[in-house]
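The values are calculated or read from the model by the stated rules, or taken from the named source; none is laboratory data. Predicted model, so just to flag it, every value in this text is computed and none were measured. Neighbour counts are summed over all protein chains in view; Cβ atoms, including those assigned to glycine, are modelled from backbone coordinates with ideal geometry. These accessible areas exclude ligands, DNA and RNA; they are computed on the full protein's heavy atoms, side chains included. Shrake-Rupley method; radii C 1.70, N 1.55, O 1.52, S 1.80 Å.
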Amino acid sequence: MPLKISSHLKPILYSYRRCPYAMRARMALKYAGIVIEHREIELRNKPQSMLQASPKGTVPVLCLDDVVLDQSLDIMHWAIKQSDPYGWKNVDDEIAQAWIDKNDGRFKTLLDQYKYPNRFPEMEPEAVLDEALQMMLMPMETALQHSQYLLGEKISWVDVAIFPFIRQFSMVDAKRFEEFPIPAVNKWLTQHLDSELFNTVMQKHPVWLD
């Protein structure tokens, strides 16, 4: 349930530059043309103002006039509801949700296991990699072999929501990722990486101090 907060001139976004959840929120806000006050945090020294707004202590957190949104998808949907100039929401909701459930569920778990093998000594790295390929990357490849984006020939909020996690996965071992049999995924990923939208929201900000 959104929390009540005090009025502010423009929305405040607590963010962390490299967090994939924060990335997709920033991209949606930028796409929608929403001017925000960006507050970049340090994970080891989170500002009290953010923790008061959202005690769970994770980014992104968007503070509006009357509510706090502290789930990245809620922020994306709120932003697109304000303005959706290129029809990001014009997709099949059921198919969209299936992709998001897959990405934010099992694939995120596999991503963490692949990126931080020391935290999961019980896991076999090659088995983790193979499952990630089979359950996420190969289905993406199949979809992208048939259309430019995951849900058709136009970019949608689903592409933007999933892209930061595929980016993070690809960076664990970039050379090996390029060798996977997923040329369409690589093309899709490169397109996002080269986009003005992504590069704009990846600009560095000074750390916010209360």
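For Asn118 paired with Met202, estimate the spin-label separation in nm (one decimal), with each label point 7 Å from Cα along the Cα-to-Cβ line.
Label-label distance for Asn118 and Met202, simple model: 2.5 nm.
Determine which residues of segment 98-117 fall in the zone a paramagnetic label at Glu179 would reach in this model, i.e. backbone nitrogen under 20 Å from the point 7 Å along Cα→Cβ.
Answer for this model: 114-117.
Which entry is the computed P(r) over Cα pairs in 10 Å bins from 0, in percent for this structure: [x] 8, 33, 35, 20, 4, 0; [y] 9, 40, 39, 11, 1, 0; [z] 8, 35, 41, 16, 0?
The listed entry that was calculated here is [x].
What order do you get for 146-154, 71-79, 164-172 when each peptide is scored by the mean count of other beta carbon atoms within 10 Å, highest first?
71-79, 164-172, 146-154
Could you look at segment 1-100 and say what percent of its accessible area is carbon and sulfur, using a 1.4 Å probe and all protein chains?
Solvent-exposed carbon and sulfur of segment 1-100 make up 51 percent of the total.
In Å, the Kirkwood hydrodynamic radius of segment 19-144 over pairs of distinct alpha carbons?
It works out to 16.8 Å.
Would you mind getting the accessible area per residue of the chain, heavy atoms of the protein chains only, 1.4 Å probe, in Å²?
Per-residue accessible area for the chain comes out at 53 Å².
Using a basic spin-label model with each label point 7 Å from the Cα along Cα→Cβ, how many nm lie between Met135 and Lys10?
For Met135 paired with Lys10, the spin-label model returns 4.1 nm.
Using 22 Å as the Cα-Cα cut-off, could you pick out the over-long pairs in Lys30/Lys204; Lys108/Lys154; Lys115/Lys175; Lys108/Lys204; Lys56/Lys204?
Lys108/Lys154; Lys108/Lys204; Lys56/Lys204
Length gain on complete extension for the stretch Gln48 to Val172, per 0.36 nm per residue less the alpha carbon to alpha carbon distance?
Result for the pair: 41.4 nm of gain on full extension.
Return the sequence-ordered ³J(HN,Hα) values of segment 197-206 in whole Hz as given by the Karplus equation 6.51 cos²θ - 1.76 cosθ + 1.60 applied to θ = phi - 60°, using x for Gly and Pro.
4, 5, 5, 5, 7, 9, 5, 7, 10, x
Can you give the three extents of the C-alpha atoms in segment 110-149 along their principal axes, from longest to shortest, in whole Å?
38, 14, 9
State, to one decimal in nm, how far the label point of Gln71 lies from the label point of Thr109, with both points 7 Å from Cα in the Cβ direction.
1.9
Going by average Cβ neighbours within 10 Å, how do the peptides 25-31, 64-70 rank, with the highest at the top?
Highest to lowest by the protection proxy: 25-31, 64-70.
On a 0 to 90° scale, report how tilted helix 20-31 is relative to the longest principal axis of the chain, with both axes built from alpha carbons and the result rounded to the nearest 10.
Approximately 70 degrees, to the nearest ten.
Between Ala127 and Asp194, take the C-beta separation as r, use R0 = 35 Å, and let me know the FRET efficiency to the nearest 0.05.
Using R0 = 35 Å, I get an efficiency of 0.60.
Quote the relative contact order of the chain in percent (integer), defining contacts as alpha-carbon pairs under 8 Å separated by 6+ residues.
Relative contact order for the chain comes out at 26 percent.
What full-extension length gain, to one decimal in nm, is calculated for Leu64 and Lys154 as 0.36 nm per residue of separation minus the Cα-Cα distance?
29.4 nm
Could you work out how far the C-alpha centroid of segment 119-163 sits from that of segment 14-74, in angstrom?
So the two Cα centres are separated by 25 Å.
What is the calculated FRET efficiency for Lys187 to Arg18, with r their C-beta to C-beta distance and R₀ = 30 Å, to the nearest 0.05?
Result of the calculation: an efficiency of 0.80.
Amide H to amide H, which residues 5 or more places from Glu37 or on other chains are under 5 Å from it, using H placed in the peptide plane?
Answer set, sorted by chain and number: Ile12, Leu13.
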